[in-house]
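Structure, as structure tokens:
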Amino acid sequence: TRCTGHESWIGNTKEILLSVSASGDYAAEKGNLLGVRSGEPARVVSRGYRFSHVGTSVCGRFFSCDDGATGDVVIGSIKAGENAVVCHSESSFGRAQNTHPHPYLTPDLKWVIFNSDRSGEPQIHAATVPDGMIEELGKLVSG
């Protein structure tokens, strides 16, 4: 399948997080968010959404993505693969890139920053990551 052109380094792991076209073997329910490392086969990181734009946390433990079908802003655990919706971006996903969310987590993991043209003009928005969401996603790795 083709790559979407959206990727990010995963901390110091020498692995890249990327999204591919969400179809066939990589349909949303099978997972189109992949981890790729030189010399190894790609691994599915998370599933359930049509992941588009990707971001990784500074610590390399979490990802942030937008769902190209719904506009949801999703975060998740890179190791456990579990994910949760933080908010709906209300972005139009128009031709201009500034109408796509491009979400990323702040270094303290308390906010997700994204674009939205919900007002008719592209603007930067911030949504609070709900209390306990990061901790719950992080517990899934060890628990």
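Just so you know, all these numbers are worked out from the coordinates, no wet-lab data involved. Given the structure is predicted, the values throughout are model-derived calculations rather than measurements. Glycine also receives a Cβ, built like all others from the backbone with ideal geometry; neighbour counts cover every protein chain displayed.
Figure the gain on full extension for N98 and A69 (residue separation times 0.36 nm, minus the Cα-Cα span) and round it to one decimal in nm.
8.8 nm
Counting other Cβ atoms within 10 Å, which trypsin sites (Lys or Arg not before Pro) in segment 71-138 have at most 14 and lie in a DSSP loop?
R95, K110
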Electrostatic dipole magnitude of segment 2-62 [Cβ: Lys, Arg +1; Asp, Glu -1; Cα centre; debye, to 20]: 60
Per DSSP H run of at least 4 residues, take -39500 (n - 2.57); add these up for the chain, divide by its residues and hand me the 222 nm value, nearest 500 deg cm²/dmol. -2000 deg cm²/dmol
Give, as a single signed number, the net charge of other residues whose beta carbon lies under 9 Å from the beta carbon of R47, with Lys and Arg counted +1 and Asp and Glu -1. 0
Inter-label distance for T13 and T128, nm, one decimal - labels placed 7 Å from Cα along Cα-to-Cβ: 2.9
Over all distinct alpha-carbon pairs, what is the Kirkwood Rh of the chain in angstrom? 15.0
